[in-house]
Ligand code: TXA
Ligand code: MG
């Protein structure tokens, strides 16, 4: 992919115009959002959207989130706009919340994987906003990684993962939130489809108790409530081993794995004296932890770590999204 670097807060209008022109011409552009980097294409252009699925190796049954510049453009994508959508949009947009609503017709069918609903979000990152405004079209954008790999939080992660892909990377630095948006369906009763950057409790303050999807779907059937919610997702190369700090067996396990000559790592919220090759200190608060989670796992992959011990996060609602991503990253 080609690469241009922009100021994350005040992106150069010429670079923004170049990205927008490529998108209007049906090209792929990887760009920073506040959550993770997205791989964007014109959501009204079927070939461009097909390019996203091909680049990621993404199953055609997994729908894409459509990003728009503002509330008005969001409303235009939905065939029904309930009061709950209005209230959530007013409170959380622009920002890391995706709303699933009945879809209007203007989009390429592939965007929604043939579903009659569409995931919509208005991102807050200045680079994403500027490109959306300049482009004047809704942009389909999944995370800019190969399907089932770790999401990218830097342009370097995108470049390493999508090396062979033709398109442009707009490098606007590290993404500030670090994990993906929260996905809430407003088709029927408000339902949490994916925990994420906005806490479920904050959303419940606006729309009342959220339904939860039951269990975690394992295959990509189009009939699933959110086909992208596969168990193995967001996974690093290394095998992750969640552990509790009081667990007396961890030191022995590490010794045994190192004895086999394997490279080890640890993600730690507290200063535990684990004898691993690569220790990554993590923030004790959930937002700080989320911000560096993917970058830490990418770093451990680059360091060749094969087994990584992860100090289990607290069993507290504020940690729900981090626990979700760690659980998926641990599952093989
Ligand atoms: O933060 C984010 O949401 C990032 C940035 C780039 O915006 N995007 C992202 O996209 O994480 P992706 O494709 O990696 O994840 C989108 C999730 C998937 O789990 C997908 O199944 C779900 O949203 N989704 C999209 N449209 C849907 C729909 N119509 N119904 C149910 N789930 C939907
Ligand atoms: Mg993704």
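Each reported figure results from applying straightforward, stated rules to the coordinates on display, with no laboratory input. Predicted, not measured: the structure shown is a model, and the values here were computed from it. Cβ: placed from backbone, ideal geometry, glycine included. Neighbour counts: every protein chain shown.
What spacing in nm lies between the two simple spin-label points modelled at residue 247 and residue 272, each 7 Å away from Cα in the Cβ direction?
Reported label-point gap for residue 247 and residue 272 is 0.7 nm.
Is the C-alpha gyration tensor of the range 1-113 telling us rounded, prolate or oblate? Criteria: a/c under 1.5 is rounded; beyond that, a/b larger than b/c is prolate, otherwise oblate.
The shape class here is oblate.
Specify the angular offset, from 0 to 90 degrees and rounded to the nearest 10, of the alpha carbon long axis of helix 13-24 from the longest principal axis of the alpha carbons in the chain.
Roughly 80 degrees between the two axes.
Given just the C-alpha atoms of the range 121-208, how large is their convex hull per residue in cubic angstrom?
It is 130 Å³ per residue.
Let's test the formula: R0 of 30 Å, r as the Cβ-Cβ distance of residue 164 and residue 61. What FRET efficiency results, to the nearest 0.05?
The pair residue 164/residue 61 has a calculated efficiency of 0.80.
From the convex hull of the Cα coordinates of the range 37-103, what is the mean projected area in square nanometres?
5.0 nm²
Packing-wise, with mean Cβ within 10 Å as the measure, how do 64-71, 258-265, 20-27 rank, highest first?
64-71, 20-27, 258-265
When averaged across all projection directions, what area in nm² does the alpha-carbon convex hull of the range 1-46 cover?
Approximately 3.6 nm², given one-decimal rounding.
By DSSP, what percent of the beta bridges with both residues in the range 1-128 are antiparallel, rounded to the nearest 5?
75 percent
To the nearest 500 deg cm²/dmol, what mean residue ellipticity at 222 nm is calculated for the chain from DSSP H runs of n ≥ 4 alone, each contributing -39,500 (n - 2.57), summed and divided by the residues?
So the helix-based figure for the chain works out to -9000 deg cm²/dmol.
Throw me the Rg/Rh for the range 75-148, computed over C-alpha atoms with Kirkwood Rh, two decimals.
0.96
Mind ordering 34-47, 243-256, 282-295 by average Cβ neighbours within 10 Å, highest first?
For the peptides 34-47, 243-256, 282-295, the packing ranking is 34-47, 282-295, 243-256.
If a paramagnetic tag sat 7 Å from the Cα of residue 44 along the Cα-Cβ line, which residues of the range 89-108 would have the backbone N under 11 Å from that point?
106-108
Work out how far the C-alpha atoms of the chain reach from end to end along every principal axis, then list the three figures in whole Å, largest first.
Between the extreme Cα coordinates on each principal axis of the chain lie 58, 45, 36 Å.
What are the extents of the Cα atoms of the range 243-321 along their three principal axes, in Å, largest first?
Principal-axis extents of the range 243-321 (Cα, largest first): 37, 29, 18 Å.
Of all DSSP beta bridges in the chain, what percent run antiparallel (nearest 5)?
Of all bridge pairs located within the chain, approximately 35 percent are antiparallel.
With axes computed from alpha carbons, what is the tilt in degrees of helix 286-302 against the longest principal axis of the chain, rounded to the nearest 10 within 0 to 90?
70 degrees
Suppose R0 equals 56 Å. What FRET efficiency, 1/(1 + (r/R0)^6) with r the Cβ-Cβ distance, do residue 239 and residue 72 give to the nearest 0.05?
For R0 = 56 Å, the calculated efficiency reads 0.75.
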